[in-house]
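Read the structure below first, then the notes.
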Amino acid sequence: MALILLVEDDRNITAALTRALTDAGHVVRPVGQAAEALKILTEEQPDLVILDLGLPDIDGTDALRMMRSVSAVPVIVATARRSEADIITLLSDGADDYVTKPFSSGHILARITAVLRRTRAAVDTAPSVITVGELEINPRQRRAVLRGQALQLTRREFDVLTYLAERVGQVVSRRELLTEVWNQSRIGEEQTIDVHISWLRRKLGETAAAPRFLHTVRGVGVMMVDPR
């Protein structure tokens, strides 16, 4: 059983999804606006969010970014957008998965089960602290600190950083990151990895030309190193 925040302004879809999710044993908090969803997200700490992009008050993509700024909760986006560029943007902005409309209740339930399974498994097996030089990562608290200063990371940035930190000295390919962190394997989506590595470098105070933690191995992937 999970507490699911359903952010959807279409009453028919809300009713159908609420019924299906409740029948599957989940507790559902349906809301029709992004502002209300953000309030509930911080107050009630749901286990998962289903986010429609066509909201009346705030664009769904902006709402996703706002959610990522305050919470690491898993988010499944429901969207009518089907282009590769749109999907890459959603995943880059922090969505854990997506479904394209129209979708069946069985489809969304399967996606929910998969995302919750991955999230809970990651928490259960996560080490308490990973230390790489002056960088400390606490996977269970989803907190990263560099030289005593907390890093403001999105969910995906944190996941990429942790995955690489657990493999210090190993070259990790973009395809591996896409498969293991994004749980995606479609050709053409690797460019989102480069974007996240660039963002991480900026927050770690380094550049591709002068790396400290994240070193690019041309034609292969990226490697986390201990700069000491």
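The values are calculated or read from the model by the stated rules, or taken from the named source; none is laboratory data. This is a predicted model, so every value here is computed, not measured. Please note: Cβ atoms are built from the backbone with ideal geometry, for glycine as well, and neighbour counts cover all protein chains shown. With ligands, DNA and RNA removed, areas are computed over all heavy atoms of the protein, side chains included. Shrake-Rupley method; radii C 1.70, N 1.55, O 1.52, S 1.80 Å.
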How much accessible area per residue does region 140-228 have, counting only protein heavy atoms and a probe of 1.4 Å, in square angstrom? 53
Rounded to whole Hz, the Karplus (6.51, -1.76, 1.60) HN-Hα couplings of region 61-68, x for glycine and proline: 5, 5, 4, 4, 4, 5, 4, 5
Which residue, Ala37, Ala63, Ala208, has the most motion in a Gaussian network model of the chain that connects Cα atoms within less than 10 Å? Ala208
Only Cα pairs within less than 10 Å get springs; with that Gaussian network setup on the chain, which residue of Ile50, Ile58, Ile193 has the largest fluctuation? Ile58
Can you compute the modelled spin-label distance between Ala208 and Thr179, with each label point 7 Å from Cα toward Cβ, in nm? 2.4
Compare the peptides 21-31, 156-166 by average per-residue count of other Cβ atoms within 10 angstrom and give them in order, highest first. 156-166, 21-31
In nanometres, the difference between 0.36 nm per residue of separation and the alpha-carbon distance of Ala85 and Glu134 is 14.0 nm
About the Cα centre, and with charges only on the beta carbon of Lys, Arg (+1) and Asp, Glu (-1), how big is the dipole of region 1-95? Nearest 20 debye, please. 140
Whose amide H sits under 5 Å from the amide H of Leu151, counting only residues 5 or more places off or on another chain, with H placed in the peptide plane? Ala144, Val145, Leu146
Angle check, please: helix 34-44 long axis (alpha carbons) against the longest principal axis of the chain (alpha carbons), in degrees 0 to 90, nearest 10. 70
Can you compute the charge dipole magnitude of the chain about its Cα centre, using +1 on each Lys and Arg Cβ and -1 on each Asp and Glu Cβ, nothing else charged? Give it in debye, rounded to the nearest 20. 560
Hey, if you put +1 on the Cβ of every Lys and Arg and -1 on every Asp and Glu Cβ in the chain, which of Gly133, Gln191, Ala208 ends up farthest toward the positive end of that dipole? Gly133
Rounded tilt (10° steps) of 191-203 against the dominant C-alpha axis of the chain: 60
Interchain or sequence-distant (5+) residues whose placed amide H lies within less than 5 Å of the amide H of Leu55 are Gly60
What angle do you read, to the nearest 10 degrees and between 0 and 90, between the alpha-carbon axis of helix 11-23 and the longest principal axis of the chain? 80
If you compute percent of Cα pairs over 28 Å apart for the structure shown, which of (1) 47; (2) 37; (3) 32 do you land on? (3)
Karplus-derived HN-Hα couplings along region 158-171 (A = 6.51, B = -1.76, C = 1.60, θ = phi - 60°), whole Hz, x at Gly and Pro: 5, 5, 5, 4, 5, 4, 6, 5, 6, 10, 3, x, 9, 7
How high is the relative contact order of the chain, in percent, with contacts defined as C-alpha pairs under 8 Å that are six or more residues apart? 13
Extension length gain for Met66 and Phe103 (0.36 nm per residue less Cα distance), in nm, is 10.8 nm
